[in-house]
Amino acid sequence: MIAELGHFALIAALFVALAQAVVPMVGANRRDLALMDFGRYAASAQFLCIAIAFAALTHAYIISDFSVANVFQNSHSKQPLLYKISGVWGNHEGSMLFWVLILALFGFAVAAFGNNLPASLRARALSVQAMIGFGFLVFILLTSNPFERLDPAPLDGRELNPLLQDPGLAFHPPMLYLGYVGFSMAFSFAIAALLEGRVDPAWARWVRPWTLAAWTALTGGIVLGSWWAYYELGWGGWWFWDPVENASFMPWLAGTALLHSAIVVEKRDSLKSWTILLAILTFALSLMGTFLVRSGVLTSVHAFAVDPERGLFILGLMILAVGGSLALFAMRAPVLKSGGLFRPISREGGLVLNNLLLSTACATVFIGTLYPLFLDATTGQKVSVGPPFYNATFVPLMIPLLVLLGVGPLLAWKRADILQALTRLWAAAVLTAIVCLFIWSGDDGKSVGAVVGFGIAAWIVGGVLTEYAERIRLFRISIGASLRRATGLSGSSYGMMLAHLGLAAFITGAVGDTFWGVEAVANARPGDKITLGPYDITFDKMSREPGPNYEAEFATMTVTRDGEPVTRLRPERRIYPVQRMPTTEAAIHTTLARDLYVSVGEGNQADGWAVHAWINPLVPWMWIGALMMVCGGLVSLSDRRLRVGAPKRISGAAPQPVGGD
Amino acid sequence: MGRLLYLLPLVIFGAIAAYFAAPILSGKDPKTLPSAMIDKPAPTQTLPPLVDGKPGIDAAALAGPVKLVNFFASWCVPCRAEHPLLTRYAASGKIRLYGINYKNKKEEALAWLAELGDPYERIGFDLSGRAGIEWGVYGVPETYVVDAKGIIRYRHVGPLTQLVMAETIMPLVEKLEAGGGS
């Protein structure tokens, strides 16, 4: 009964979306305020309908109603509650429903908080938002109905894929989708602006917080996924250039570029058509992420649905959305008046270079992901692209970008003096040189990569701190005055600092892990000792323990260093009897300097177990860095000037932060 | 000129969309073997052994009893996912499992097998990926069922799952074995 209610609510949402797509658009063209305002009510109604549908599906999962086919396929009565709930989005149908739920949530946010938007821009943006929603609702209802019934109802379910039964992965898809779908806001506003024929700083001020929110969520989502792969798969690595990982990384790269180019639109009223194009492309890549995972064109560990019919549907949807918007772009973008001019060497110039490098990097990943497909379609030749491709193409693009990151924020708008900026960076240069020398002398392997990597991280830290010192005029005025300046700085300045420092921390971790990792593999029986770098790992015993819906087998290992006890590790193997699938739960001992990582493979008492141990130096820095990036996004979002729905500041009434950003 | 520049994104997108659409519209499911290879003899070039003391793959080996030929590589993520399954089936004696190590440095492949265990009866070493082209490998992992006459009967793209093994591959293997490989 409740499932039918959900199905019905979903159908209702479809019609509401249709009305929301048409009426406000007509209103905007006729300048009819009542029709334009309809969009806001429709957006709220659409959100309500989809929320009801989603709640109905969640309910079916919680009470284990196996007469719903979707629940039968992805849940089990013994599954812990958390995974019953995360099972809702851990499958194709449910995740699509979740996709439209977030889309409707964003539409609702515009309706609820968009009071200070020009009425016609808001109406058009809501209409575009509803068109996307309509497309996806048709897709769900026709090809992927999550409410389909089974008769007779099976006694128990087939259980969620055990790999997905993990706290990290329970929250990975929602964050990722928040990011993917969040970029639909930038897209809707870009289309609305093209239709209006006007892009101005006010537009950018509106788009930036949405983009920032989407970017923050996507960053969090990607990192959660990567963290999950790190500790759950038990392979010691954290990024595999897998097509599905790439699918989320491409919108991230494009979104990062968009975040930066929108600043130029806001501050300097320039780079408009490029920013619009980026907004379209970022969302197109988000859609492609959905398409790649579900079409079966590329195979991956994560892909859950393989169905050409669905793939074709999404492809049609994409061609309509992206093709249509790019056609609109070709027609309308030339009309956009460009604003402020700037010299190549200026803050704008730096941001243009940032955008060029990021989009090239994005294109590289795109080619790496799809090249096998292209080559097959053109020549019939078959190839596969592995990590070596990305090391050879992606990494060299990142180096100039990161060097630029140290300099860019010190350049003045419009016209900058590069020599002067570099002179101001003397302290950063000294820091970089010291770090490079230190690494070179301490590194036994003498790897150039490690020196370059740590050097770049130091350079970024130096650049960010120099810029901060300049802003608060440290040592040029009294400390007290500097402190007052520091507290007066805007949230977005601190957000930027935090995100850039986070990137430096991330690079530190990634470089340390890449160049200094140590591993050991052994076939061990209880009592055996494994030597890993300076550590001795003693395999004490193997024991069994039943879990709620699995059988666990775990090893107890004592780690010592020079005879001193360090820790005790309990790597685990689980067998999920319903799916007959084993998973590994690696044991990780973390300090700020390294992760000690042990996983146990297949084995038995007679032959021993395959034990794989790693020292992953500095890996915790990666997670800290990623967390800093997410916090940077959040701090920026708290900035009053970016806050969604914050009333306009009366000019001159509030103190202007010196230096702005 | 200026206006044409604005058309460029649309043109590029059109080309990409066509590439995407072509395989789907032509009805070519990327998961199944192109009809060109099914029921054709498996490529018979000789592949040197990967592991010392364990034979490689040659025409004689392919003409032996029904077997699964599995392409794998240490850099391939899904290969790890299917590895325990393959190990279990190989250990049960229900299937004969040959491996072809695809575009992999020798030491990396050996380290991988040392870590995860080596369920293969024979392993051919295909560093250049030449054999992969002959067999029409789309991406690793990929698994072929080859009958006793060396004819390819089935191809599975991507990691094997319990379901595929139980419902498709094992019945086929049993049928081929019962039919004397015809």
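For the reader, a short list of remarks on this structure follows.
- Translational D in µm²/s for region A:442-526 (Stokes-Einstein at 37 °C, 0.692 mPa s, Kirkwood Rh from C-alpha pairs): 209
- Between residue A:26 and residue A:200, the C-beta separation translates, for a Förster distance of 22 Å, into a calculated FRET efficiency of about 0.35.
- A simple spin-label model places the labels of residue B:149 and residue A:393 4.3 nm from each other, with each point 7 Å out along Cα-to-Cβ.
- Residue A:556-residue B:127 pseudo-label distance in nm [points 7 Å out on the Cα-to-Cβ vector]: 4.7
- FRET efficiency, residue B:38 to residue A:156 (Cβ-Cβ, R0 35 Å, nearest 0.05): 0.40
- Residues whose amide H comes within less than 5 Å of that of residue A:78, counting only those at least five positions distant or on another chain, are absent (H built at 1.01 Å from N in the peptide plane).
- Along its first, second and third principal axes, ordered by size, chain B spans 67, 39, 30 Å in Cα coordinates.
- Taking 0.36 nm per residue of separation and subtracting the Cα-Cα distance, full extension of the segment from residue A:631 to residue A:452 would add 61.8 nm.
- Neighbouring partner chain Cβ atoms per residue of A:319-330, average, 10 Å criterion: 4
- With the charge dipole of region A:390-516 set up from +1 on Lys and Arg Cβ and -1 on Asp and Glu Cβ about the Cα centre, the Cα lying farthest toward the positive end among the listed residues A:442, A:515, A:466 is that of A:466.
- For chain A: relative contact order, % (alpha-carbon pairs under 8 angstrom, 6 or more apart): 12
- Taking θ as phi - 60° and the Karplus parameters 6.51, -1.76 and 1.60, the scalar couplings of region A:409-422 work out to x, 8, 7, 7, 5, 6, 8, 10, 9, 5, 5, 5, 4, 5 Hz in sequence order, x denoting glycine and proline.
- About its Cα centre, chain A has a charge dipole of approximately 2920 debye under the convention of +1 per Lys or Arg Cβ and -1 per Asp or Glu Cβ, with nothing else charged.
- Members of B:67/B:106; A:529/B:67; A:84/A:529 lying beyond 31 Å, as alpha-carbon distances in this model show: A:529/B:67; A:84/A:529
- Helix axis angle, B:2-25 relative to chain B longest principal axis, alpha carbon, degrees: 30
- Converting phi to 3J(HN,Hα) with the Karplus coefficients 6.51, -1.76 and 1.60 and the offset θ = phi - 60°, region A:517-526 yields x, 10, 9, 9, 10, 8, 9, 10, 10, x Hz in sequence order, with x at every glycine or proline.
- Exposure proxy order (Cβ contacts within 10 Å, fewest to most) of A:566, A:100, A:23, A:71: A:566, A:23, A:100, A:71
- Region A:547-566 residues near the modelled residue A:525 label - backbone nitrogen below 13 Å, point 7 Å along Cα→Cβ: none
- When the charge dipole of the protein assembly as shown is built from unit charges on Cβ atoms (+1 for Lys and Arg, -1 for Asp and Glu) and taken about the Cα centre, the candidate among B:114, A:45, A:547 whose Cα reaches farthest toward its positive end is A:45.
- Residues of region A:459-478 with amide N under 19 Å of the 7 Å Cα→Cβ point at residue A:440: A:459-460
- In this structure, the amide hydrogen of residue A:549, modeled 1.01 Å from its nitrogen in the peptide plane, lies closer than 5 angstrom to no residue at least 5 positions away or on a different chain.
- Region A:329-374: C-alpha gyration tensor shape, a/c 1.5 cut-off, then a/b vs b/c: oblate
- Judged by the mean number of other Cβ atoms found within 10 Å, the most tightly packed of the peptides B:48-55, A:609-616 leads the ranking A:609-616, B:48-55.
- Only beta bridges with both residues in the protein assembly as shown are counted; by DSSP, about 85 percent of them are antiparallel.
- Charge dipole magnitude, Cβ of K and R +1, D and E -1 - region A:518-619, Cα centre, debye nearest 20: 120
- Hydrodynamic estimate: the Kirkwood radius of region A:518-619 over Cα pairs, inserted into Stokes-Einstein at 10 °C and 1.306 mPa s, corresponds to D of 114 µm²/s.
- Arranged from fewest to most other beta-carbon atoms within 10 Å of their beta carbon, A:444, B:147, A:166 become A:444, A:166, B:147.
- With the convex hull of the Cα atoms taken as the outline of the protein assembly as shown, the averaged projected area works out to 38.7 nm².
- Positive end of the dipole of chain B (Cβ unit charges, origin at the Cα centre): among B:145, B:60, B:84, the Cα lying farthest that way belongs to B:145.
- Counting every pair of alpha carbons in region A:390-516, the share spaced more than 16 Å apart comes to 66 percent.
- Normalised size of region A:135-265, defined as Cα radius of gyration per 2.2 N^0.38 Å with N residues, equals 1.36.
- For region A:169-186, 3J(HN,Hα) computed residue by residue from phi via the Karplus equation (6.51, -1.76, 1.60; θ = phi - 60°) reads 7, 5, 9, 5, x, x, 5, 4, 5, 4, x, 3, 6, x, 5, 5, 5, 4 Hz, glycine and proline entered as x.
- Of all DSSP bridge pairs formed entirely within chain B, close to 55 percent run antiparallel.
- Our estimate of slack between residue B:177 and residue B:60, defined as 0.36 nm per intervening residue step minus the Cα-Cα distance, is 40.3 nm.
- Legend: ranking of residues A:227, B:135 from fewest to most surrounding C-beta atoms inside 10 Å; resulting order A:227, B:135.
- Shown for the protein assembly as shown: cysteine residues without a partner Cβ closer than 4.7 Å, namely A:49, A:362, A:436, A:631.
- With R₀ set to 35 Å, the beta-carbon distance separating residue B:166 from residue A:15 gives a calculated FRET efficiency near 0.20.
Only the coordinates and a few stated rules stand behind these numbers; no lab work does. Treat the numbers as computed from the prediction; the structure is a model and nothing was measured. All Cβ positions, even for glycine, are placed from backbone atoms using ideal geometry, and neighbour counts span all protein chains on display.
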